[in-house]
């Protein structure tokens with residue numbers, strides 16, 4: 001059975017596309033057939049983060065408008081078996097997507113035997129973001145431990161609970177997961193950053209995982225490779241944990257505490 | 001010195017706590033606002049028109065909200081009447 005997952009946040013720049021890329025890649029690594037769709041029409045970026053920007057011939061809008069088949073537009077990833085990318089259009093305006101068109105594409109992907117359909121939402125709460133979340137069975141809400149991001153996440157949770165298809169049809173609600181990114185445990189310890197418990201408390205939502213602030217995320221996007229493929233980095237480990245938890249494994253949360261300093265270091269050391 | 005910072009730091013409130021306190025108040029407020037029915041602003045205007053027939057009031061003096069208390073939805077109207085001259 002296919003599951004539709006929206007990766008959303010309200011606020012921009014918190015790591016939606018990075019998260020979409022790594023989660024879809026890791027789900028495919030686990031043997032699933034995965035399609036990841038960029039809903040950010042006019043400002044596409046998923047293709048760049050996934051390193052397939054030069055292979056885009058047809059895009060999501062072409063398929064919605066019947067100018068290309070889904071098969072022509074899906075870009076098959078060369079690194080990971082079973083991973084497909086559907087790029088957003090760079091030229092059309094954002095009204096090019098329609099509810100019926102999006103539904104048709106999602107139904108076709110389901111019929112093609114895709115296990116997971118990941119919808120990478122644009123920032124904001126306008127039409128594009130609402131279309132990305134409308135058909136979702138599950139939502140991954142990407143949040144930074146920072147006031148404006150938490151506020152916007154709360155807003156998007158309200159929209160999921162009121163305006164998704166599941167909400168409108170009175171079905172079981174969309175399953176909500178929190179992914180906390182750009183987490184800096186030493187700043188949390190210093191009382192300068194909201195802790196994971198604070199954010200869980202504020203949003204009343206289950207934590208799927210914490211991704212520590214990491215240099216590797218920029219390195220990965222520079223080279224067009226989802227960060228999860230860089231085995232040595234903390235961010236990759238964090239995303240692998242996240243996907244394993246998503247698939248039902250019990251895994252203890254990591255990256256919540258800073259590396260231990262010696263006692264003397266703590267007393268007299270530099271901050 | 002880290003030890004001194006630690007001891008002094010206890011006295012003033014950490015910014016993360018401040019962030020949490022502010023968000024708690026804000027989110028509670030915004031959630032009730034988001035849940036308010038669409039007809040609320042229009043209803044408010046019409047109620048104001050009726051009241052204005054009888055008393056002279058300031059447009060901003062009428063506060064209207066819908067809250068949930070003990071499983072009941074409560075429509076709350078709050079109007080400050082002008083002082084008699």
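The values are calculated or read from the model by the stated rules, or taken from the named source; none is laboratory data. Owing to the predicted nature of the structure, the values given are computational and were not obtained by experimental measurement. Ideal geometry is used to build each Cβ from the backbone, glycine not excepted, and the neighbour counts take in all protein chains shown.
Restricting the search to the stretch A:204-239, which residues are surrounded by fewer than 20 Cβ atoms within 10 Å (Cβ to Cβ) and assigned to a helix (DSSP H, G or I)?
A:215, A:216, A:218, A:219, A:221, A:222, A:223, A:229, A:234, A:237, listed by residue number.
Can you name every residue in the stretch A:167-201 that is assigned to a helix (DSSP H, G or I), crowded, with 19+ Cβ neighbours inside 10 Å and away from chain B (no Cβ under 11 Å)?
A:196 - this is the single residue of the stretch A:167-201 that is assigned to a helix (DSSP H, G or I), crowded, with 19+ Cβ neighbours inside 10 Å and away from chain B (no Cβ under 11 Å).
Yes/no per residue for (1) modelled with pLDDT under 95; (2) in contact with a helix residue (DSSP H, G or I) (Cβ under 7 Å, 6 or more places away or on another chain):
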position	(1), (2)
A:196	no, no
A:206	no, no
A:209	no, yes
A:216	yes, yes
A:219	yes, no
A:226	no, yes
A:230	yes, yes
A:233	yes, yes
A:238	no, no
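Is there a residue being in a loop (DSSP other than H, G, I, E, B), within 14 Å of another protein chain (Cβ to nearest Cβ) and in contact with a strand residue (DSSP E or B) (Cβ under 7 Å, 6 or more places away or on another chain) anywhere in the stretch A:134-148?
Yes, some residue in the stretch A:134-148 is in a loop (DSSP other than H, G, I, E, B), within 14 Å of another protein chain (Cβ to nearest Cβ) and in contact with a strand residue (DSSP E or B) (Cβ under 7 Å, 6 or more places away or on another chain).
Out of all the residues in the stretch A:104-120, which are closer than 14 Å to residue A:66 by Cβ and surrounded by fewer than 19 Cβ atoms within 10 Å (Cβ to Cβ)?
Matches in the stretch A:104-120: A:104, A:108.
Which residue is farthest from the other protein chains (Cβ to nearest Cβ), if the candidates are limited to the stretch B:38-53 and must be closer than 30 Å to residue A:156 by Cα and either in contact with a strand residue (DSSP E or B) (Cβ under 7 Å, 6 or more places away or on another chain) or at pLDDT 95 or above (or both)?
Among those that are closer than 30 Å to residue A:156 by Cα and either in contact with a strand residue (DSSP E or B) (Cβ under 7 Å, 6 or more places away or on another chain) or at pLDDT 95 or above (or both), it is B:44.
Among the numbered criteria (1) touching a strand residue (DSSP E or B) at 6+ places or on another chain (Cβ under 8 Å); (2) farther than 17 Å from residue A:228 by Cα, which one does residue A:90 miss?
(1)
More than 22 Å from residue A:83 (Cβ to Cβ) and more than 14 Å from chain B (Cβ to nearest Cβ), is that true of residue A:244?
no
State yes or no: is residue A:157 in contact with a strand residue (DSSP E or B) (Cβ under 9 Å, 6 or more places away or on another chain) and closer than 25 Å to residue B:19 by Cα?
Criteria met by residue A:157.
Would you tally the residues in the stretch B:1-28 being assigned to a helix (DSSP H, G or I), more than 9 Å from chain A (Cβ to nearest Cβ) and modelled with pLDDT under 85?
3
Assuming residue A:66 fulfils every condition listed in (1) assigned to a helix (DSSP H, G or I); (2) at pLDDT below 95 apart from one, which condition is it?
(1)
Given A:213, A:176, A:168, which one is more than 15 Å from residue A:242 (Cα to Cα) and touching a strand residue (DSSP E or B) at 6+ places or on another chain (Cβ under 8 Å)?
A:213
Would you check if residue A:55 is surrounded by fewer than 22 Cβ atoms within 10 Å (Cβ to Cβ), closer than 25 Å to residue A:113 by Cα and in contact with a strand residue (DSSP E or B) (Cβ under 6 Å, 6 or more places away or on another chain)?
Considered against the rule, which asks whether it is surrounded by fewer than 22 Cβ atoms within 10 Å (Cβ to Cβ), closer than 25 Å to residue A:113 by Cα and in contact with a strand residue (DSSP E or B) (Cβ under 6 Å, 6 or more places away or on another chain), residue A:55 comes out as yes.
Hey, residue A:102 hits all of (1) closer than 20 Å to residue A:46 by Cα; (2) free of Cβ contacts under 8 Å to residues at least 60 places away in the same chain; (3) not in a helix (DSSP H, G or I) but one; which does it fall short on?
Here residue A:102 clears every test but (3).
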